[in-house]
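A short worksheet on the structure shown next.
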Amino acid sequence: MATSRREPLAIAIEGVSKAFGTLQALSNIDLRVGPGEFLTLIGPSGCGKTTLLKAIAGLASVDAGRVVVGSRAVTGPGRECAVVFQDFALLPWATVQRNVEFGLLLHGVGAAERGVTARGCLAKVGLAGFEDAYPAQLSGGMQQRVGLARALAVDPQVLLMDEPFASIDEQTRRVFQDDLLSLWSEDRKTVVFVTHSMEEAVYLSDRVVVLSPRPGRVHQVLDVPLARPRETADVRASLPFTRLVDDLWKILRKLQ
Amino acid sequence: MIVLLLRALSVAGFLLLWEWAARVPISFNFPSPLATLRALVALVWSGALPAATLISVQALGLGFGAALVIGIPLGLAMGVVGPLGRAARVYLDLLIALPTAALVPLVILSFGINVLSSAVIVFAFSAPFVALNAYGGVRDVRPRLAEMACAFGASRLQLFARIVLPSALPMILAGVRYGLSRAFVGLIIAELLLSPFGLGRLIMTARSMFEHDRMFATVLWTLLLAALALAGLARLEARWLRWRA
């Protein structure tokens with residue numbers, strides 16, 4: 001599985017609102033994500049960024065408006081999307097290989113094909129040779145690589161990542177960001193990425209969407225015109241990068 | 001290595017203490033380890049102990065088997081269907097809080113003096129623990145894992161088979177292990193009170209004839225049996241829960 005057999009899909013979020021009791025988590029969100037775009041959601045805690053991601057994944061219902069992935073209005077989880085979770089959500093009783101096969105298993109893919117696909121995905125994320133390990137034997141960064149491989153294994157057209165690097169130390173995180181970018185440039189999926197790190201948002205994305213809290217609204221959208229591939233150039237040290245991070249900080253500071 | 005040494009030392013220490021207690025003597029009737037061992041060999045040789053064991057194991061197998069076959073699915077169903085769990089939990093708590101031995105006369109009245117009665121008591125002793133642990137296991141499922149499975153499009157059946165069941169397995173097995181030790185307690189209580197069958201009868205007969213070495217030998221034999229069964233279960237658990245090592 002060198003590259004995807006499926007085209008990336010666009011996402012349309014149309015007038016989406018969601019309340020938890022009296023707390024207005026999302027208020028009338030309108031947002032479009034282009035096919036193959038890398039979009040990041042950022043904002044103070046309580047701005048509803050994870051809720052919005054779950055709404056796209058079909059894991060959370062919305063009170064008003066709708067989310068359309070490709071041509072399908074989302075009413076529940078669909079096979080176009082795959083989610084990478086902040087806490088990895090790996091099965092502790094299953095080996096790395098079986099964890100990566102999990103999505104395929106649920107989709108009814110036969111054992112032989114599951115095995116081959118999962119091994120391929122593990123190699124892609126740099127975990128070849130760890131097939132028989134159990135998650136608890138791996139570091140946090142490696143566990144998240146398993147989580148990413150599991151998502152890639154189902155060959156999704158949309159990749160939804162909920163603060164995937166939040167519980168990983170800084171050095172590991174930087175290497176992982178580079179690896180994610182090179183994987184993404186080989187196989188352009190539509191990515192919606194939630195983070196609270198400004199550097200991460202700017203480094204990875206085509207656009208950064210700043211959400212404001214209570215009620216969660218789209219506060220501002222920041223374009224990131226940095227040339228790609230960024231992982232090979234020394235983008236993090238460049239002046240345009242620093243300026244963009246600073247711009248983002250100025251926007252976010254007012255929201256605190 | 002150190003563990004083995006400690007175990008050997010503790011067994012030796014126990015035997016020494018026993019020997020000392022028999023020599024003091026604590027009571028005129030207190031049998032020495034050697035006398036007990038001799039009685040044990042004689043009991044095995046005469047066939048009395050194997051015959052009694054066969055009957056007891058039948059009652060245990062029947063009662064504990066039923067506790068597993070009914071208790072585990074009941075506990076799982078209680079965990080999956082919320083109202084059922086809340087409703088059934090009260091009765092299970094009651095069964096656990098109750099001095100279950102008080103049920104023995106009622107069971108004998110209902111089922112008569114036979115192996116089935118012993119099995120019913122074994123069941124009453126062990127089933128509530130087996131069921132409650134399975135229930136707890138289901139309730140301990142990490143919501144994030146269920147959410148993950150849903151994100152990958154799991155059906156309700158897949159969610160149960162692929163997430164709930166493996167998540168609950170450690171708790172279920174712990175319940176089975178505890179249930180088994182409770183089953184042995186139930187078995188001996190039933191047989192001591194019912195008397196005409198099994199190891200309990202052997203203990204009571206030996207006692208009534210002041211053959212305290214035989215009585216002790218039977219008690220020792222029962223302990224060994226229970227320890228063996230529990231060790232077997234522990235091995236099974238270690239194999240099935242290898243990922244926790």
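What to note about this one:
- In the condition set (1) touching a residue at least 40 places away in the same chain (Cβ under 8 Å); (2) touching a strand residue (DSSP E or B) at 6+ places or on another chain (Cβ under 6 Å); (3) not in a loop (DSSP other than H, G, I, E, B), A:L222 is compliant with all but (1).
- Pairs where the first residue, in region B:94-111, is in the same structural domain as B:I189 (by TED's automatic domain parsing) and the second is among the aromatic types (F, W, Y), C-beta under 6 Å, 6+ apart: B:T100/B:F125
- Residue in region A:154-166 that is of a type in the set (D, E) and within 28 Å of A:L211 (Cβ to Cβ) present: yes
- Restricting region A:30-50 to residues that are surrounded by 21 or more Cβ atoms within 10 Å (Cβ to Cβ) and over 19 Å from A:D206 (Cα atoms), the residue that is nearest to the other protein chains (Cβ to nearest Cβ): A:G48
- Enumeration of residues in region B:99-141 that are over 30 Å from B:F160 (Cα atoms), surrounded by fewer than 23 Cβ atoms within 10 Å (Cβ to Cβ), among the aliphatic types (A, V, I, L, M) and in contact with a helix residue (DSSP H, G or I) (Cβ under 9 Å, 6 or more places away or on another chain): B:A101, B:L103, B:V104, B:V107, B:I108, B:I113, B:V115, B:L116
- Helices (runs of 4 or more DSSP H) completely within region A:75-154 that count 3 or more residues being modelled with pLDDT under 95 and within 12 Å of chain B (Cβ to nearest Cβ): none
- Residue within region B:178-198 that is within 14 Å of chain A (Cβ to nearest Cβ), of a type in the set (A, V, I, L, M, F, W, C), buried (at least 18 other Cβ atoms within 10 Å of the Cβ) and over 15 Å from the mean Cα position of the chain (by Cα) present: no
- Residues satisfying the criterion are absent from region B:45-52 (criterion: under 28 Å from B:L228 (Cα atoms), under 15 Å from the mean Cα position of the chain (by Cα), assigned to a helix (DSSP H, G or I) and of a type in the set (S, T, Y)).
The values are calculated or read from the model by the stated rules, or taken from the named source; none is laboratory data. Note that the coordinates shown come from a computational prediction; the quantities given were computed from them, not determined experimentally. Reconstructed Cβ throughout: ideal geometry from the backbone, glycine too, with neighbour counts over all protein chains shown.
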